[in-house]
Structure formats: C-alpha cells, structure tokens
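> Mind looking over this structure? Questions follow.
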Amino acid sequence: MKDDKKTIWAWAFYDWANSAFATTVMAGFFPVFFKNYWADPEALQQSTFYLGAANSLSSIIVAALAPFLGAVADRGSAKKKFLLFFAFLGIIMTGALWFVRMGFWQLAVIFYVSATVGFSGGNIFYDSLLPGVASEKRVDAVSSMGFALGYIGGGLLFLVNVVMFLKPELFGIPDGATAIRIAFLSVAVWWAVFSIPIMLFVPEPPVKSPLSLGLAFRGGWLQLIGTLREIRHMKVVGIFLLAYWFYIDGVDTIVRMSVDYGASLGFPSESLIVALLVVQFVAFPSALAYGWFGGKIGVKRALYVAIVAYGLITLLAFFMRVTWQFYALAVLVGLFQGGIQALSRSYYTRLIPENKSAEFFGFFNMLGKFAAVIGPFMMGAITVLSGSNRIGILSIALLFLIGGFLLTRVDEEEGRRIAREYLAPHTEEELNPTDET
C-alpha cells in the first residue's frame with residue numbers, strides 16, 4: 001500500500017544509513033587519509049592521480065552495470081535482493097579499510113572502489129523502490145524526506161568522526177590516524193544497522209510473471225536492448241536524461257572537487273572539513289524546504305532556480321579569496337544540493353512508466369555516475385591547460401548552462417502521456433522470454 005507512514009520512514013532511513021559513506025568516507029576522510037597515510041605524502045600529484053583513477057573506475061563500473069541491473073531487477077522481482085547485495089558489499093569493504101596498513105595504497109584503492117560500487121549500485125534499487133512507496137501526490141515530499149534524512153544522518157556521524165579526529169584524546173584514541181580508521185568502522189556499522197528498516201518494512205513491488213535469476217539475466221539483456229529503443233522513441237525522457245546528465249555533472253564535480261579547490265587556494269584543512277559539516281546541516285532543512293518549494297512553484301521551476309544558483313556558486317568560487325567566503329559557498333551549496341537531487345529524482349518518476357522503474361532508474365543513475373567521471377576530468381584538464389584553478393572551477397558553469405537549456409525542452413505533459421501508455425498490459429510473449437524461439 002502506497003503512502004503508508006511506516007513504509008515511507010523505512011524507505012527514507014536507507015538514505016540516513018548509506019549517506020554516512022558519502023560524507024565520512026567519500027567526501028571527507030578517505031581523500032585526506034589516502035594522501036597522507038596510504039600513499040606517499042611527498043608525491044602529491046601521483047597520489048591525486050591514483051585517487052582520481054579510483055573514483056573514475058568505480059563510476060565507470062556502476063555506469064556500465066546500472067541499466068542492466070535495473071532491467072534484471074524488474075524482470076526478476078529482485079529490487080530488495082539486489083539492494084541487500086550491494087549494501088552488504090559496501091558495508092564489508094568500508095569496514096575492511098580498518099585493516100589497510102600504512103603505505104598499502106593499492107589495497108586501499110581496491111576496498112574503496114568496491115565500497116563505492118556497493119554504495120552507488122545500491123542506490124539504483126533504492127531509487128527504484130520509490131514509485132511503490134509513495135503516490136504521485138506525495139512522491140516529491142517523500143523523495144525530499146529521504147535526502148533530508150541522508151544529510152542529517154550522514155552529517156551527525158561525520159560530526160562525531162571529525163571531533164574524534166581533531167580531539168582523539170577525548171575518546172581514549174592514541175592518534176588521529178587511528179581515529180580515522182575507527183571512523184571507517186563506524187560507517188560500516190551505521191550503514192548496516194540503519195539498513196534494517198528498509199529490508200523489513202518496505203515490500204518488494206509485485207511484478208507480473210516473475211522469473212528465476214538465470215532467466216532474469218537473459219531477459220534483462222533483451223529488456224535492456226528494448227529500453228534503449230524505448231528511450232530513443234520516448235523523446236521527453238531522453239531530453240530530460242541529457243539535461244540531468246549535464247547539470248548533475250556540475251553538482252557532482254563541485255561536491256568532489258571543492259576540498260581540493262579550497263586546498264589549492266591555501267585554506268586550512270580543518271576549515272575545509274568544517275565546511276563539509278556546514279553543507280550537511282544546512283542541506284537537511286533545505287532538502288525538506290525545497291520539496292515544499294517545488295510544490296508551490298512547480299518542480300520544474302524549482303529545478304531552474306537550483307541550476308541558476310549553482311551557476312552563481314561557480315562564479316563566486318572564481319572570485320573567492322578568504323576562508324569565510326568558502327564557508328559562505330558551503331551554505332549556498334547546502335541550500336540547493338539536496339533540493340536539486342531530490343526534485344530531479346521525483347520529476348523523473350513523472351516521466352517514466354512505473355512498471356519499468358528499476359530499468360529506467362538504471363539509466364538515470366548511470367548518467368549521474370558517469371557524470372562524476374567527466375566533470376572532475378574537465379575541471380582538471382582546464383586547470384592544467386590554463387594554469388589556473390580559478391578558471392578550472394569557472395568552467396563548470398558551462399555544464400549548468402547546457403543542462404538548464406535542455407531542461408526547457410522537456411514537455412512534462414507529453415512525458416506523462418507516454419508513461420501512461422507504457423502502463424498498459426504487456427502480452428505474455430513480451431513478459432516471458434522463454435516463449436521466444
């Protein structure tokens with residue numbers, strides 16, 4: 001039953017669970033620890049290359065698997081099973097970072113890439129459960145609620161870990177390095193414990209003629225090919241996905257490169273870590289408020305506002321000179337980050353057929369993860385070619401400009417009409433690939 005309170009809270013709490021990985025590990029401590037503990041701290045450019053390659057590799061793996069896994073989940077009625085598998089992978093690999101000794105950067109990369117694949121792969125199936133949890137009337141609010149809980153949950157654990165790192169003696173910890181290793185363990189435990197509600201209280205959406213795993217894989221390939229054809233003919237969905245690819249590329253680049261950019265300007269590492277905390281705690285109420293804001297002015301208009309705001313953020317970053325300005329930009333990012341992500345997800349649900357949600361969310365996540373490869377590379381390349389970090393960050397504005405323009409070409413009413421057509425019953429031959437000769 002849709003709009004059940006317990007089901008909604010159980011679904012949203014998975015964002016609370018796995019966002020600890022995004023904050024404490026991905027954005028916070030792993031990049032710092034990788035440079036100063038696992039890799040050679042004297043070879044900064046080399047370690048940056050290794051770290052960038054690790055991020056790109058994990059993104060490429062998820063981008064390649066996302067549409068296929070989504071199709072398999074729909075055909076085999078296995079959204080929750082795949083969610084459990086990827087969450088388990090992420091949890092185990094995150095906890096394994098505790099065991100990596102100083103200088104073993106190769107092992108750290110293997111565990112990090114595997115954990116990131118678990119994190120991103122699980123999100124494919126988490127997102128695909130949303131249409132079965134919330135009705136169209138409440139999907140925007142529920143999506144925003146998930147992001148809001150993610151920011152506050154990830155932020156709370158990150159806050160504890162930052163204090164533990166800065167003041168290890170308060171916790172009886174011998175040094176900051178040990179504190180960071182304990183932080184990795186804490187993320188694994190947090191992720192595991194708060195994943196329990198979605199496994200217990202969110203039902204697997206029913207599908208017609210569920211298949212075995214083997215047949216689901218075979219049918220998944222056939223369905224994937226069909227989906228590529230469908231997206232080609234579903235012009236509205238295709239245009240939105242392209243628009244999303246560009247502007248979320250900019251968002252992901254700012255998230256992943258902001259600490260490096262601040263460091264290149266000479267800002268203290270302590271200030272950069274605190275700024276990440278600011279983003280988390282500003283983003284919590286903002287994600288909720290932005291869901292309300294989208295309901296008032298329309299989801300598409302709210303997306304326009306967020307895209308323009310991000311363009312302004314890149315411009316202000318170009319002129320940034322002192323630390324307090326970095327904090328100000330952190331507040332701005334927090335105001336719009338949760339909103340643009342949550343409303344993009346909920347807006348997309350309006351354009352796709354519900355009975356193929358995992359399959360279409362596979363493409364949605366694929367574009368988002370592939371953007372995390374292109375954006376940082378573009379910023380880095382332009383920085384090297386121009387010799388200026390400021391020009392590098394300013395180049396990201398181009399992504400928001402293109403994404404915003406493409407969004408103007410999305411006809412929501414036409415998208416809804418096409419999605420309704422795809423909800424019509426399929427023939428038995430279409431549902432069961434074993435009938436094909």
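The values are calculated or read from the model by the stated rules, or taken from the named source; none is laboratory data. It should be emphasised that the depicted structure is a prediction, and the values quoted were computed from it without experimental measurement. All Cβ positions, even for glycine, are placed from backbone atoms using ideal geometry, and neighbour counts span all protein chains on display.
> Could you go through the range 257-271 and let me know if any residue there is out of contact with any helix residue (DSSP H, G or I) (no Cβ under 7 Å at 6 or more places or on another chain), hydroxyl-bearing (Ser, Thr, Tyr) and either buried (at least 16 other Cβ atoms within 10 Å of the Cβ) or without any contact (Cβ under 8 Å) to a residue 40 or more places away in the chain (or both).
Yes, the conditions are met somewhere in the range 257-271.
> Another question, if that's okay. Could you please find all residues in the range 35-62 being in contact with a Phe, Trp or Tyr (Cβ under 7 Å, 6 or more places away or on another chain), modelled with pLDDT of 75 or more and part of a helix (DSSP H, G or I)? So that I can check it myself, show each step before the final result.
Going residue by residue through the range 35-62, those that are in contact with a Phe, Trp or Tyr (Cβ under 7 Å, 6 or more places away or on another chain) are 38-39, 47, 50-51, 54, 59.
Now narrow it down to the ones that are modelled with pLDDT of 75 or more: 38-39, 54, 59.
Matches in the range 35-62: 38, 54, 59.
> Let me ask something else about it. Using beta carbons and a limit of 9 Å, which pairs, at least six apart or on different chains, have the first residue in the range 102-127 and without any contact (Cβ under 8 Å) to a residue 12 or more places away in the chain and crowded, with 21+ Cβ neighbours inside 10 Å and the second one of a type outside the set (D, E, K, R) and not in a helix (DSSP H, G or I)?
So the pair list comes out empty.
> Also, quick follow-up: Do the conditions hold for residue 338, that is, is it modelled with pLDDT under 85, surrounded by fewer than 21 Cβ atoms within 10 Å (Cβ to Cβ) and within 25 Å of the chain's Cα centre (by Cα)? Before the answer, list the steps.
Values: modelled with pLDDT under 85: yes; surrounded by fewer than 21 Cβ atoms within 10 Å (Cβ to Cβ): no; within 25 Å of the chain's Cα centre (by Cα): yes.
So residue 338 fails the test.
> Looking at the range 91-131 only, could you name the residues that are assigned to a helix (DSSP H, G or I), closer than 20 Å to residue 361 by Cα and modelled with pLDDT of 85 or more?
Taking the range 91-131 first, the residues assigned to a helix (DSSP H, G or I) are 91-99, 105-128, 130-131.
Cutting the leftovers down to closer than 20 Å to residue 361 by Cα gives us 116-128, 130-131.
Answer for the range 91-131, where residues must be assigned to a helix (DSSP H, G or I), closer than 20 Å to residue 361 by Cα and modelled with pLDDT of 85 or more: 116, 117, 118, 119, 120, 121, 122, 123, 125, 126, 130.
> OK, next. Let me confirm something: among 87, 27, 66, which residue is in contact with a helix residue (DSSP H, G or I) (Cβ under 9 Å, 6 or more places away or on another chain), under 26 Å from residue 187 (Cα atoms), surrounded by 21 or more Cβ atoms within 10 Å (Cβ to Cβ) and at pLDDT 80 or above? Walk me through how you get there before you give the answer.
Details: 27 fails: surrounded by 21 or more Cβ atoms within 10 Å (Cβ to Cβ); 66 fails: at pLDDT 80 or above.
Matching residue, one of 87, 27, 66: 87.
> Taking the range 265-306 on its own, how many of its residues are among the hydroxyl-bearing types (Ser, Thr, Tyr) and either farther than 25 Å from residue 163 by Cβ or not in a helix (DSSP H, G or I) (or both)?
Qualifying residue count for the region: 2.
> Looking at this structure, is residue 17 of a type in the set (A, V, I, L, M), at pLDDT below 80, assigned to a helix (DSSP H, G or I) and buried (at least 24 other Cβ atoms within 10 Å of the Cβ)? Even if it seems obvious, please write down each step before you answer.
Working: of a type in the set (A, V, I, L, M): yes; at pLDDT below 80: no; assigned to a helix (DSSP H, G or I): yes; buried (at least 24 other Cβ atoms within 10 Å of the Cβ): yes.
Spelling it out, it is not the case that residue 17 is of a type in the set (A, V, I, L, M), at pLDDT below 80, assigned to a helix (DSSP H, G or I) and buried (at least 24 other Cβ atoms within 10 Å of the Cβ).
> If we keep just the residues of the range 398-417 that are farther than 30 Å from residue 117 by Cβ and crowded, with 18+ Cβ neighbours inside 10 Å, which is modelled with the highest pLDDT?
In the first step, residues of the range 398-417 are kept if they are farther than 30 Å from residue 117 by Cβ; the result is 401, 404-405, 408-417.
Filter again for crowded, with 18+ Cβ neighbours inside 10 Å, leaving 404, 410, 415.
Details: 404: 96, 410: 91, 415: 79.
Filtering the range 398-417 for residues that are farther than 30 Å from residue 117 by Cβ and crowded, with 18+ Cβ neighbours inside 10 Å, the one modelled with the highest pLDDT comes out as 404.
> Would it be correct to say that residue 243 is in contact with a helix residue (DSSP H, G or I) (Cβ under 9 Å, 6 or more places away or on another chain), of a type outside the set (Ser, Thr, Tyr), closer than 21 Å to residue 377 by Cβ and without any contact (Cβ under 8 Å) to a residue 12 or more places away in the chain? Reasoning before the result, please.
Working: in contact with a helix residue (DSSP H, G or I) (Cβ under 9 Å, 6 or more places away or on another chain): yes; of a type outside the set (Ser, Thr, Tyr): yes; closer than 21 Å to residue 377 by Cβ: yes; without any contact (Cβ under 8 Å) to a residue 12 or more places away in the chain: no.
It is false that residue 243 is in contact with a helix residue (DSSP H, G or I) (Cβ under 9 Å, 6 or more places away or on another chain), of a type outside the set (Ser, Thr, Tyr), closer than 21 Å to residue 377 by Cβ and without any contact (Cβ under 8 Å) to a residue 12 or more places away in the chain.
> Let me ask something else. Find all pairs meeting these conditions: Cβ atoms under 9 angstrom apart; at least six residues apart or on different chains; first residue within the range 390-417 and touching a residue at least 24 places away in the same chain (Cβ under 8 Å); second residue among the small types (Gly, Ala, Ser) and outside any helix (DSSP H, G or I).
Close Cβ pairs satisfying both conditions: 394/388.
> Does residue 269 qualify as being more than 19 Å from the chain's Cα centre (by Cα) and among the hydroxyl-bearing types (Ser, Thr, Tyr)? Don't jump to the end; show me each part of the working.
Working: more than 19 Å from the chain's Cα centre (by Cα): yes; among the hydroxyl-bearing types (Ser, Thr, Tyr): yes.
Taking the combined requirement at face value, the residue satisfies it.
> Might you check whether a residue that is at pLDDT 90 or above, of a type in the set (Gly, Ala, Ser), part of a helix (DSSP H, G or I) and closer than 30 Å to residue 64 by Cβ occurs anywhere in the range 310-324? Lay out the reasoning, then the answer.
We begin by selecting, within the range 310-324, every residue at pLDDT 90 or above; these are 310-324.
Of the ones still in play, those that are also of a type in the set (Gly, Ala, Ser) are 311, 317.
Remaining after also requiring part of a helix (DSSP H, G or I): 311, 317.
Imposing the further condition that a residue be closer than 30 Å to residue 64 by Cβ reduces the set to none.
No, there is no match, as no residue in the range 310-324 is at pLDDT 90 or above, of a type in the set (Gly, Ala, Ser), part of a helix (DSSP H, G or I) and closer than 30 Å to residue 64 by Cβ.
> Just to check your reading of the model, which residue among 336, 363 is of a type in the set (Phe, Trp, Tyr), part of a helix (DSSP H, G or I) and farther than 22 Å from residue 152 by Cα?
Numbers: 336 fails: farther than 22 Å from residue 152 by Cα.
Of the residues listed, the single one that is of a type in the set (Phe, Trp, Tyr), part of a helix (DSSP H, G or I) and farther than 22 Å from residue 152 by Cα is 363.
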